[in-house]
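See below for the structure under consideration.
The values are calculated or read from the model by the stated rules, or taken from the named source; none is laboratory data. This structure is a prediction, so every number in the text was calculated from the model and none was measured. Note: ideal-geometry Cβ built from the backbone for every residue, glycine included; neighbour counts use all protein chains shown. The accessibility values were calculated without ligands, DNA or RNA, using every heavy atom of the protein model including side chains. Shrake-Rupley method; radii C 1.70, N 1.55, O 1.52, S 1.80 Å.
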Amino acid sequence: MKKHNFSAGPCILPQEVLLKASEAVLDFNESGLSLIEISHRSKPFVDVMENARSLALELLGLEGKGYKALFLQGGASTQFLMVALNMLEKRAGYLNTGTWSAKAIKEAKIYDDIYEVASSESANYNYIPKGYDIPTDYDYFHCTSNNTIFGTQIKKFPECPIPMVCDMSSDIFSRELDFTKFDIIYAGAQKNMGPAGTTLVVVKEDVLGKVSRKIPSMMDYKVHISKSSMFNTPPVFAVYTSMLTLEWLKNLGGIPAISEINDKKARIMYSEIDINPLFKGFAVKEDRSQMNATFNLVNGDLKDTFDTMLKEAGIEGINGHRSVGGYRASMYNALPLDSVKVLVEVMSELETKA
Ligand SMILES: *Cc1c(COP(=O)(O)O)cnc(C)c1O
């Protein structure tokens, strides 16, 4: 039976991407060799890396604007400290909007002083703080565009007088933004791009080289840029599969096209949450994430019935994170509109039963 995969990450990828990726594991470009058993310095793989890097910049509208794209390892979690190592000299400002922001703050604090410009922690992160000031003399400002666990998303980014760094792990390539507003963007692949194992980092080159500390080579963006993202053996399978997803997205019409589909999915999902008296959304309405819809049953006694109905409909991966509870429907780029329709049908069926 076909499953409807609402997993928060690792998560659904386009079927055609999975098919092509699995073919390449057996026979890459009809070479008689597997993608994962050839040299990463061979021309076919160097072409993959270059294609993936340029597709990322092209889709974000950042080509020819002084940015470089890197495919690194260590997950978004390694970027929490890498950003600080490369950018933090005196002080940085962080917006605390959830578990991942808090982890980014914790790592940066190892290196220097961090100022929380605002936080929604006391409300269990159910909203995005607004109207805060960003000091002009700090090294950079860091924010998390989409809070995967709590289901909130920054809709309007602040005017930022200093370099802006953004963790876009769970909504990169999902909506139209002016990406030139950001100086460093990073995103673990496993939410909207590919398998776990690589992290896309997009860096505006002119913000680098301003800290006085010595940076270990593997942690140094400049080293990775100078080696065209091949300083050491890259995660070839994860990079190749990410490239396939970026090609899929480009063929679909890029971010404008997927953004329209994502709008539609989110509208259907949230209107059911709002109209159905059995459910209550977790995040405040104006900050709701288009990628992760978090909601609870008003009457917990219905949980077993609802869970059974979800299972029978082939809906998977919809349990909420332990820090929020309830349910979380993750609607990443590759999730078909039909899957959302099936989920919404089950929710309204529960209402007729209850
Ligand atoms: C999942 C996630 C991370 C952690 O990514 P890893 O690749 O597992 O280190 C960081 N930030 C956000 C917003 C996430 O959703």
**Study point:** Most positive-pole-ward Cα, T241, V211, I255, against dipole of segment 194-267 from beta carbon charges
**Key:** V211
Practice item. Run the quick spin-label model on S54 and S348: label points 7 Å from Cα toward the beta carbon, then report their separation in nm to one decimal. Key: 4.7 nm
Review point. What lysines sit close enough to K43 to cross-link, taking a C-alpha to C-alpha distance under 16 Å and skipping anything fewer than 8 places away on the same chain?
Key: K227
Review point. Using +1 on the beta carbon of Lys and Arg, -1 on that of Asp and Glu, and nothing else charged, what's the dipole of segment 229-354 about the Cα centre, debye to 20?
Key: 280 debye
Revision key, fill the gap. Between the alpha carbon centres of segment 239-288 and segment 207-233 the gap in Å comes to 34 Å
Point to revise | Sequence-separation-based contact order of segment 255-353, relative, with Cα cut under 8 Å and 6+ spacing, percent | key: 33 percent
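State to the nearest 20 debye the size of the charge dipole of the chain about its Cα centre, where the only charges are +1 on K and R beta carbons and -1 on D and E beta carbons.
Using only the charged Cβ atoms, the result is roughly 440 debye.
Translational D (Stokes-Einstein, µm²/s) of segment 228-297 at 25 °C and 0.890 mPa s when Rh comes from the Kirkwood sum over C-alpha pairs?
164 µm²/s
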Check your understanding: Given 0.36 nm per residue, what is the gain on full extension from A257 to H40 after removing their alpha carbon distance, in nm?
Key -> 74.8 nm
Check your understanding: Out of the DSSP beta bridges found with both residues in the chain, what percent are antiparallel (nearest 5)?
Key -> 55 percent
Exercise for review: Pop out the Kirkwood hydrodynamic radius of segment 125-190 from its pairwise C-alpha distances, inverse of mean 1/r, in Å to one decimal.
Suggested key: 12.6 Å
Point to revise | Bridge type composition, segment 107-205 - antiparallel percent by DSSP, nearest 5 | key: 50 percent
Exercise for review: Would you work out what percent of the accessible area of segment 255-353, with all protein chains in place, is carbon or sulfur (probe 1.4 Å)?
Suggested key: 50 percent
Practice item. Using just the helices of the chain, give the 222 nm mean residue ellipticity in deg cm²/dmol: DSSP H runs with n ≥ 4 each add -39,500 (n - 2.57), and the total is spread over all residues, rounded to 500. Key: -11500 deg cm²/dmol
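For segment 255-353, which semi-axes, largest first and in whole Å, follow from the square roots of 5 times the eigenvalues of its Cα gyration tensor?
Those come to 21, 15, 12 Å.
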Review point. What accessible area per residue comes out for the chain, rounded to a whole number of Å², with a 1.4 Å probe?
Key: 43 Å²
Point to revise | Against the rule of thumb 2.2 N^0.38 Å, how large the Cα Rg of the chain comes out | key: 1.01
